[in-house]
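Below you'll find the structure, written out as structure tokens, and then a few comments.
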Amino acid sequence: MTFLDRPGQIINWFVCSLCAPWVLRFWSCRRPRTRRNLLLGTACVIYLGFLVSQVGHVLPQHKAGHRKGDSKSLQGVAQTPFLGIPLDGTLSPPDLQIGENGTSVPANVVYITLRSKRSKPANIRGTVKPKRRKKHAVPLPYGQGLPGAAAGQKETLLQRPGRMSQDVRIMDAVAAPDTWKSHLMEDRDRKKELSIRRREHWRHVGISENVNVQPKTQESNIRIYSESSPSWLTRDDIESMRAMADSRIEGIQEAPSQHGILAVFERNPRASGAACSQGQCGLIKIPLDMSEVFAFHLDRILGLNRTLPSVSRKFEFIQDGQPCPVILWDSTLSPTDNGTHSSVRLNWRDYQQLLKQKCWVNGKVPKAEWGCTEIHHHEWSKMALFDFLLQVYSRLDRNCCGFKPRREDSCVQKRLKLKCDDQDSIDLTHIIQRKHDPRHLVFIDNMAFFDRSEDNLDFKILQGIKEFPELAVSVLKSQHLREKLLQSLFLDKVYWESQGGRQGIEKLIDVVERRAKILLTYINAHGAKVIPMNE
């Protein structure tokens, strides 16, 4: 340690240098000796007390010199960031209370571990395939080509063998291959009992024993990994989706009165009647109409149930195997007019008059002078809400009078935009009913537009609508629309992959959610009523 590192010696040297001239001055001045001695003694006593205090302060410092150095080092460490501690919370800081050399951490040192927030993913049904429980019976060696209701039952049993009931497991064991039956049937009594159960099983599913069922070779394009399908999809919807997505195509024919071709799917050879009248045909559209699949799932989630089941499928004979929408062909639809593709011909003026009359509301029979059709008044509200969210203008605004169209839109190509000066005479298109159910509409040709900005939406679709369905509005307000759309669209494997996976689907849902907020604002601003429409 140098001379300058000792503060006590510096202070002593400084005091002595100041006191020496004063002592000489007092000693040589002309003052009484008694007074001079008194001043000199007082100065010496003060200096002696100062020395004693310095000695008491310096000795503890020398005894704990090494502690002081360690404390400075720890203080420097505390001021530097902890570069070795990860930010994800996987490593907690050590408890530095007393070290090996007796050092301790000051009480004001605080360790902070940054934990990255994990955003909880949307509950997509079927994102992770659950583990299969141990099987207690040999599964059936077949599972494709079963017609009608039996096909849906067989397919469900085959795709989820680990969740079959005990009765189903018994029937599966009965219908197992010959090697398994030979192992079980060792005595005649058991063989007779199993033979009886086998006949009962085939009679229960409605299939003869002589039907040659081939084993299933590929996984279904309709993915259901959970215990059940989404609640908004019925059993008929799932069976139709699986039939259109997985069944082998037996033939192709031209679709009557609609654009596209019909694919005839494989069916039970013993079934009678035309294939398309038995629900075994699908309308194949071009890849640009892929939004038909999104429209189908949105319709079911909103509780409207007005669209036909639709899936996405790849065909080798259509545009190099690109995925195309396939829509279930419904032979019960009423014949349509060739000009408007509608079963009921209406223009815009007649349509607005129907909205004012509220035809068939509360079971009230309309008068003849009202000009009502057989369509229920609530059907127009459901159509308007559905078309606004997807911006389907072909039904209510075929001439694009309510928004600014693009050059590639059909209304611009056909020069229909020029006829907007006389809007009352413009005909509605694609107003379709069923023969046995004329009160309700069927939404076809649901070509959606997701690239239309919020400042160019077609609000003419909502003109004249004073009521909206309560169930659909509640879904839009519930903040669960995104979750349900992800769960529902995930079932269609081909469509999910064609849109770029979840990232692409999320972009489409973003557009619909923004339009839903605009629609809710419109309802509040115009004082429209939200009423139940479950007649």
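The values are calculated or read from the model by the stated rules, or taken from the named source; none is laboratory data. The structure displayed is predicted, hence computed values, not measured ones. Neighbour counts are summed over all protein chains in view; Cβ atoms, including those assigned to glycine, are modelled from backbone coordinates with ideal geometry. In case anyone asks, the SASA skips ligands and DNA or RNA and just uses the protein heavy atoms, side chains included. Shrake-Rupley method; radii C 1.70, N 1.55, O 1.52, S 1.80 Å.
Summary of values
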| item | result |
| --- | --- |
| Local net charge near SER312, Cβ-Cβ under 14 Å (Lys/Arg +1, Asp/Glu -1) | +1 |
| For the range 367-471, the spread of Cα positions along each principal axis, largest first, Å | 42, 32, 26 |
| Value in Å of the Kirkwood radius, where the range 348-531 supplies the Cα pairs that are averaged | 18.0 Å |
| Neighbour cut-off at most 10 other Cβ (10 Å), DSSP loop, GluC sites (Glu not before Pro), the range 458-494 | none |
| Pairwise label distance in nanometres, ILE252 with LEU39, each label 7 Å out on the Cα-Cβ vector | 12.7 nm |
| Tail beyond 16 Å, pair distance distribution of the range 318-437 (Cα, percent) | 69 percent |
| Cut-off 10 Å between beta-carbons: net charge of the residues surrounding ILE426, Lys and Arg +1, Asp and Glu -1 | -1 |
| FRET efficiency estimate (nearest 0.05) - Cβ-Cβ, ARG514 to PHE50, R0 51 angstrom | 0.05 |
| Carbon and sulfur %, accessible surface of the range 397-440 computed with the full protein complex present, 1.4 Å | 44 percent |
| SER425 paired with LYS477, simple spin-label distance in nm, labels 7 Å along Cα-to-beta-carbon | 4.4 nm |
| 1.4 Å probe accessible area per residue over the range 348-531, in Å² | 47 Å² |
| Anisotropy class of the range 441-535 from Cα gyration tensor, a/c 1.5 cut | prolate |
| Cα lying deepest toward the dipole's positive end in the range 348-531, options ILE465, SER453, GLY504, charges on Cβ | ILE465 |
| Contour excess over end-to-end distance, with Cα ends at GLU316 and LEU288 and 0.36 nm allotted per residue | 8.4 nm |
| Student exercise, the range 399-523 dipole from Lys, Arg, Asp, Glu Cβ charges, in Debye to nearest 20 | 60 debye |
| Over 19 Å between alpha carbons, listed pairs LYS417/LYS517; LYS466/LYS507; LYS356/LYS529; LYS356/LYS435; LYS417/LYS460 | LYS417/LYS517; LYS466/LYS507; LYS356/LYS435 |
